[in-house]
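One structure is given below, encoded as structure tokens.
The values are calculated or read from the model by the stated rules, or taken from the named source; none is laboratory data. Everything numeric in this text was worked out from a predicted model, so none of it was measured. Positions of Cβ are backbone-derived with ideal geometry, glycine not excepted, and every protein chain shown enters the neighbour counts.
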Amino acid sequence: MGMKAITFVSALVFASSAYAQDSNQLNVEGEIYASTVAAPSHMENVDTLYSGWHFRSGETQALQLDDFDNPGMVFIDQGIDLFGKVDGSEGKSCESCHENVEDFAGLRTALPRVENGELVAMEDLVNECRTERMGADAWKWSSTNMTAMTGLIGFQSRGMPMSVKIDGDATKFWEKGKELYYTRVGQLDMACSNCHEDNYGVMIRADHLSQGQINGFPTYRLKNAKLNSVHARFKGCMSNIRATPFKEGGNEFKALELYIASRGQGLAVETPSVRN
């Protein structure tokens, strides 16, 4: 374990005395989630992975420990309604083909993935079903309906470890995502790595920088009181450094999503997590 990791762990232990629960342990509804794991072998500069939950205040952490208190669960309920709602020219709902939403357990852990030579995210899969099978209009990438549905599907994998494929036909997409992660852009001349690899654990303004893990997405942000997609967060980060964001659902953000998902290998899916 590197010196940075040791320092950060010490800070967590110190902070835990100020919280009502042990801030080193993510215990949701009595189930312990893997929120601190050894970094995968492909990561050169980080020894230990930490869920974004560890970087939040005790009050925000507590919201995620009880589904009754978790504000993101309202949108999971909306997803249940949408799952059974008939829409489109074919007179079908999601459950017309997928009778039990619990059958999606494990899907969130493996996305994005390559299909027919293209990298696809969960939103792609949802819209393919809507347009090709239901005869319905595609949803916008970060719309309320889309995040409610991806939240519901992701919820079925809660507690399971992230495990995206990065070899074989996924390699070129992973390498593109890695390049984007380390490329400085915008007026502030910053890369993702400058905050989430070089300076995680540091306070910047009123925020506590995390490792930028995405195992909890779509995540409920107290800032805007809704579920937020991964790509919406990418877009927000790029805007913050005064760069022109890539398109949500575009090839760049999907490649970046794959690479960052691979940086969280082994962390438990937390959908819907609660963040600032």
Residues within segment 173-193 that are of a type in the set (A, V, I, L, M, F, W, C) and within 11 Å of I260 (Cα to Cα), tallied: 3
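Please specify each residue of segment 131-159 satisfying the condition of being part of a loop (DSSP other than H, G, I, E, B), aliphatic (A, V, I, L, M) and either in contact with a Gly (Cβ under 6 Å, 6 or more places away or on another chain) or touching a residue at least 12 places away in the same chain (Cβ under 8 Å) (or both).
Residues satisfying the conditions are M134, A136.
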Checking the conditions here, which among A121, A136 is crowded, with 19+ Cβ neighbours inside 10 Å and more than 18 Å from T219 (Cα to Cα)? A136
Determine whether E128 is outside any strand (DSSP E or B), within 24 Å of K172 (Cα to Cα) and charged (D, E, K, R). yes
Subset tally (residues that are touching a Ser or Thr at 6+ places or on another chain (Cβ under 7 Å) and polar (S, T, N, Q)) for segment 70-120: 1
Residues that are farther than 30 Å from D167 by Cβ, surrounded by 13 or more Cβ atoms within 10 Å (Cβ to Cβ) and within 25 Å of the chain's Cα centre (by Cα), drawn from segment 78-100: Q78, G79, I80, L82, F83, C94, E95
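Every residue in segment 217-237 that is part of a loop (DSSP other than H, G, I, E, B), surrounded by fewer than 21 Cβ atoms within 10 Å (Cβ to Cβ), in contact with a strand residue (DSSP E or B) (Cβ under 9 Å, 6 or more places away or on another chain) and modelled with pLDDT of 95 or more, please. Before the answer, list the steps.
From segment 217-237, those part of a loop (DSSP other than H, G, I, E, B) are 217-218, 222-225, 229; that's our starting set.
Subset that is surrounded by fewer than 21 Cβ atoms within 10 Å (Cβ to Cβ): 222-225.
The next check asks that each one be in contact with a strand residue (DSSP E or B) (Cβ under 9 Å, 6 or more places away or on another chain); those that pass are 222-223.
Of everything in segment 217-237, just one residue is part of a loop (DSSP other than H, G, I, E, B), surrounded by fewer than 21 Cβ atoms within 10 Å (Cβ to Cβ), in contact with a strand residue (DSSP E or B) (Cβ under 9 Å, 6 or more places away or on another chain) and modelled with pLDDT of 95 or more, namely L222.
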So which of I166, I214, I260 ends up being under 21 Å from F75 (Cβ atoms) and either among the hydrophobic types (A, V, I, L, M, F, W, C) or in a helix (DSSP H, G or I) (or both)? I214
Given (1) surrounded by fewer than 17 Cβ atoms within 10 Å (Cβ to Cβ); (2) without any contact (Cβ under 8 Å) to a residue 24 or more places away in the chain, number of the condition L188 does not satisfy: (2)
Close pairs from segment 203-214: first in contact (Cβ under 8 Å) with a residue 12 or more places away in the chain, partner among the acidic types (D, E) and surrounded by 17 or more Cβ atoms within 10 Å (Cβ to Cβ), Cβ under 9 Å, at least 6 apart: Q211/E197; G212/E197; I214/E257
Against the condition under 17 Å from the mean Cα position of the chain (by Cα) and either assigned by TED's automatic domain parsing to the domain that holds N199 or closer than 23 Å to T150 by Cα (or both), how does F68 come out, does it pass? no
Please give the helices (runs of 4 or more DSSP H) falling wholly within segment 27-119 in which 2 or more residues are more than 25 Å from T171 (Cα to Cα) and touching a strand residue (DSSP E or B) at 6+ places or on another chain (Cβ under 6 Å). 58-65
